[in-house]
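Below is one structure, written out as structure tokens; the observations come after it.
The values are calculated or read from the model by the stated rules, or taken from the named source; none is laboratory data. What you are looking at is a predicted structure, and each value in this text was computed from that prediction instead of being measured. Glycine also receives a Cβ, built like all others from the backbone with ideal geometry; neighbour counts cover every protein chain displayed.
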Amino acid sequence: MEKVLVAGATGTTGEKIIKLLNEAENYHPVAMVRDAGQKAQFESQGIATVMGDLSKDVSNTTKGMDKVIFAAGSGGTDVFNVDQEGAKRLIDAAKKEHINKFVMLSSMGVDNPRGELKEYLQAKQNADHYLDISGLTFTIVRPGALNNKEGIGKIKLSQKLNERGEIPRWDVARTLVKSLENDVSKNQAFEILTGETKIEEAVKEFQMFS
């Protein structure tokens, strides 16, 4: 069983990631929480927690972990300190503990930050670049606009999709969990939208041709 630290575990997508990991046979999720009061919602389900605030020091959060999923976000309130620098802090912590794989939840549009989300996309671009040059084994997942529809387990995936669209958070969570596997999209970044290909097949096919 591999221990997977989930940053952003209390978020809408993060909670889905935790649930999927908890149901998986080969993973043991560890929820990173900022406030002690958040522990109960996970520990009542038998899910381990670790205290960590991305806006501060998180160097101890990766101890004993095998892999990391970064699915945290400030919701636009502190993009520099959380979405960018918080990600960098966790990447540094992962390097220190020689984490086997780091999976980053990013966003479509990071290659050309503009519009009302420019500040957020620039922060994510900087975080992605930091991971790219970190020396860690990683996968960066860049979904389109997230919605709360029921996931269908099927996506469209490419290094660059050249179109806009949406995708359910459940399917993003499934893609992130699938990307934890060592041989899936190693040191690659890809974009995803709702599509016609099963998630498992889509990530494996991308690995074959990347």
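Among the listed residues Ile152, Ile140, which satisfies the condition of being of a type outside the set (Gly, Ala, Ser), in a strand (DSSP E or B) and closer than 21 Å to Lys19 by Cα?
Ile140
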Next on the checklist: Looking only at the range 28-45, filter to residues that are touching a residue at least 12 places away in the same chain (Cβ under 8 Å) and of a type in the set (Gly, Ala, Ser); which one of those is farthest from Lys88 (Cα to Cα)?
Outcome noted: Ala36
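Examine the range 11-27 for a residue that is of a type in the set (Phe, Trp, Tyr) and under 17 Å from Ala94 (Cβ atoms), and state whether such a residue exists.
So in the range 11-27, the residues of a type in the set (Phe, Trp, Tyr) come out as 27.
Then drop every residue that is not under 17 Å from Ala94 (Cβ atoms), which leaves 27.
Scanning the range 11-27, I find at least one residue that is of a type in the set (Phe, Trp, Tyr) and under 17 Å from Ala94 (Cβ atoms), so the answer is yes.
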Checklist outcome for this item: Within the range 67-91, of all residues that are over 15 Å from Gly14 (Cβ atoms) and surrounded by fewer than 19 Cβ atoms within 10 Å (Cβ to Cβ), the one modelled with the lowest pLDDT is Gly76
Checklist outcome for this item: Checking Lys67, Lys3, Lys88, Lys16 in turn, the sole residue that is of a type in the set (Lys, Arg), touching a His at 6+ places or on another chain (Cβ under 7 Å), under 25 Å from Thr137 (Cβ atoms) and touching a residue at least 12 places away in the same chain (Cβ under 8 Å) turns out to be Lys3
Item to check | Filter result for the condition that a residue is out of contact with any Phe, Trp or Tyr (no Cβ under 6 Å at 6 or more places or on another chain) and not polar (S, T, N, Q), over Val79, Val68, Val103 | outcome: Val103
Checklist entry - Among the residues of the range 138-192, how many are in contact (Cβ under 8 Å) with a residue 60 or more places away in the chain and more than 24 Å from Pro29 (Cα to Cα)? => result 1
